[in-house]
Amino acid sequence: MAAHRILGEHAVVLGGSMAGLVAARVLSDHYRRVTLVERDRFPDGPLTRKGVPQIRHVHVLLKRGEVVLDGLFPGLLDELVQGGAHSIDMAGDTRWHHYGGWKVRFRSGMQFHCQSRPYLEWKVRARVAATSGVEIADGCDALGLVLDAEGTKIAGLRIRDADGDERTLAADLVVDASGRGSRTPHWLESLGFCSPRESRVGVDVGYASRLYRPPAGTGRSWKALFIYHQAPGTRLAVIVPVENDLWMVTEVGWFRDYPPGDEQGFLDFARSLPEPDVYEAIRNAEPCSPIAVHRFPYNLRRHYERLGSMPAGLVVLGDAFCSFNPIYGQGMTSAALGAATLGDILKETGGDGRKESRLDTIGRRFHSRFGRILDGVWMQTTSEDLRFPQAEGKRAWWLGLANAYTARVYELSRTDPVVSRAFLEVMHLMQPPISLLRPAIARRVLFAGLARKTSETGEVRYVDLAQ
């Protein structure tokens, strides 16, 4: 393996969730020292913490995110499974009611891992902590960015450490991975720069989640169960297997149709879904945790890629850059993609004086490139949310056509494995949304009567997807 170019002495990462952890690992290849700053004290184990309020709910690491993590942390996925995580086939092991019908089941080869968010973060954090040159400074609060003498470049990050002392961490590069509540827009304004313009799509989503021990001997044909809504319906629920042979059950309601946080209300919400399967699965299961609730008001994108003026030496990624409606499971994978994109930028950066290799363009190049990647993910997520008339946000002229086309894709996914596989590839960010328009898929969507029909009984079929 070729040696990585060392670009500087010290990089600082703000935020210790998945985005910050993966960014710290990427930076360790290019800076002699990396300090990860986190306000929380990290727990010694797979436990929840205050700084991740949504941590007790179902989190899905999409296939594209798994590919990134597997490249950065070899053997991690096997380690997760050895510790109790589950690797399941998205179409073969999942029973999924979507857009008014049950999706066809077949062995898709689209494997993904199911585990709790605390367990995943704990395993990744252990890998990062063991990385040469990385120091974790938890219990430290970030106070603001520091400019160099010329006022054009970030020179460090002011912090208050765990003992209450204030100091400045000098840095060649500061990466803000502090999440949706990022203070970078305010800090930029206080330094005389503009803050980024924001785009929002309001959804007012509420979550309620609980761990259960599955009842024995029920003869289930699935490992994961999804009951999704179809507009104008606003309720869904999912069951995924996690470590310790437990189920994590999450109920979701859009537009303030929030699932209750009490036991009877939780069961009643499950019973109200379009299909009774979730209710039937949990009504005799053993509850193993309190019911956790969380609310999410809107998708938020900060357009750092459009800022005309920004100090050098600053990168923003993860939810601090773009925060998606979590029901689509894109948050952790987008964070991983952001870190991977930063890694690509750093690999391309040298000290030979070429314009594209200058150190002070790292942030600008990253925000521009990752902004283009986010365009497709943002369109995919917000187009679904804007299918609801209650959603608040700007609607593009083409939205109605796009939603009509994807509606046909969803309908065909009940019967056509080829279309279903194409949809899963887009969902897992392995292909861009425009791939659903390629001729082999468009012909099936537009001439659905010619598509091969398969059973909707829940039987798992082995289908040659090359046909």
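Coordinate-derived values only; no laboratory data. Every value quoted in this text rests on a predicted model; they were computed, and no experiment measured them. Neighbour counts are summed over all protein chains in view; Cβ atoms, including those assigned to glycine, are modelled from backbone coordinates with ideal geometry.
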>> What percentages make up the Cα-Cα pair-distance distribution of the stretch 43-105 when the bins are 10 Å wide from 0?
In response: 16, 35, 36, 12, 1
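Only loop residues by DSSP count here, and only those with at most 15 other Cβ atoms within 10 Å; note down the trypsin sites (Lys or Arg not before Pro) in the stretch 126-159 that meet that. The partial results should precede the final answer.
Working: sites: Arg127, Lys153, Arg158; in loops: none.
Those that pass, being in a loop and sparsely packed, number zero.
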> With each label point set 7 Å from Cα along the Cα-Cβ vector, what nm distance links His186 and Leu147?
Replying inline: 1.9 nm
> Just one of (i) 83, 50, 46; (ii) 64, 53, 40; (iii) 68, 48, 46 is Cα extents along the principal axes in Å as worked out from the coordinates here. Which one is it?
Replying inline: (iii)
> Which of Lys63/Lys153; Lys63/Lys347; Lys50/Lys394; Lys223/Lys394; Lys153/Lys394 have a Cα-Cα distance over 29 Å?
Replying inline: Lys63/Lys153; Lys50/Lys394; Lys223/Lys394; Lys153/Lys394
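Of the GluC sites (Glu not before Pro) in the stretch 139-199, which ones lie in a loop per DSSP and count no more than 11 other C-beta atoms within 10 Å? Don't jump to the answer; show the numbers that get you there.
Details: sites: Glu150, Glu166, Glu189, Glu198; in loops: Glu150.
Those that pass, being in a loop and sparsely packed, are Glu150.
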> If you keep only loop residues by DSSP, which trypsin sites (Lys or Arg not before Pro) in the stretch 20-98 have at most 11 other Cβ atoms within 10 Å of their Cβ?
Replying inline: Lys50
> Hey, how many Å between the Cα centroid of the stretch 427-443 and the Cα centroid of the stretch 205-248?
Replying inline: 28 Å
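Can you give the Rg/Rh ratio of the stretch 259-379, where Rg is from the C-alpha atoms and Rh is the Kirkwood radius?
Working: Rg = 21.5 Å, Rh = 17.7 Å.
Radius of gyration relative to Kirkwood radius: 1.21.
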>> Could you compute the net charge surrounding Leu61? Neighbours are other residues with a C-beta less than 12 Å from the C-beta of Leu61; K and R count +1, D and E count -1.
In response: +1
> Using modelled backbone amide H atoms (1.01 Å from N, in-plane), which distant-in-sequence or interchain residues come within less than 5 Å of Leu191's amide H?
Replying inline: none
>> For the stretch 202-297, what does the relative contact order come out to in percent, with C-alpha contacts under 8 Å and a separation of six or more?
In response: 44 percent
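Just how large is the dipole of the chain about the Cα centre, in debye to the nearest 20, putting +1 at every Lys and Arg Cβ and -1 at every Asp and Glu Cβ? Let's see the in-between values first.
On the way: 59 positive and 54 negative charges, 269 e Å.
I would put it at about 1300 debye.
What is the magnitude of the charge dipole of the stretch 399-450 about its Cα centre, with +1 placed on the Cβ of each Lys and Arg, -1 on the Cβ of each Asp and Glu, and no other charges, expressed in debye to the nearest 20? All intermediate terms of the calculation are to be shown ahead of the outcome.
Numbers: 6 positive and 3 negative charges, 22 e Å.
For the stretch 399-450, the charge dipole is close to 100 debye.
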> Once phi is turned into θ = phi - 60°, what whole-Hz ³J(HN,Hα) does the Karplus curve with 6.51, -1.76 and 1.60 give for every residue of the stretch 146-158, x standing for Gly and Pro?
Replying inline: 10, 8, 6, 4, 7, x, 10, 9, 5, 10, x, 10, 7
> Can you give the charge dipole size of the stretch 228-317 about its Cα centre, rounded to the nearest 20 debye, using +1 on the beta carbon of Lys and Arg and -1 on the beta carbon of Asp and Glu?
Replying inline: 720 debye
> Taking the stretch 202-297 as the region of interest, what is the percent of Cα-Cα pairs per 10 angstrom bin, listed from the shortest bin to the one with the maximum distance?
Replying inline: 17, 52, 27, 4, 0
> Ser221 to Leu401: FRET efficiency via 1/(1 + (r/R0)^6), r the Cβ-Cβ distance, R0 41 Å, to the nearest 0.05?
Replying inline: 0.65
> Along the charge dipole of the chain, which of Pro290, Met18, Leu374 sits closest to the positive end, that is, farthest toward it, with unit charges on the beta carbon of Lys, Arg, Asp and Glu (+1, +1, -1, -1)?
Replying inline: Leu374
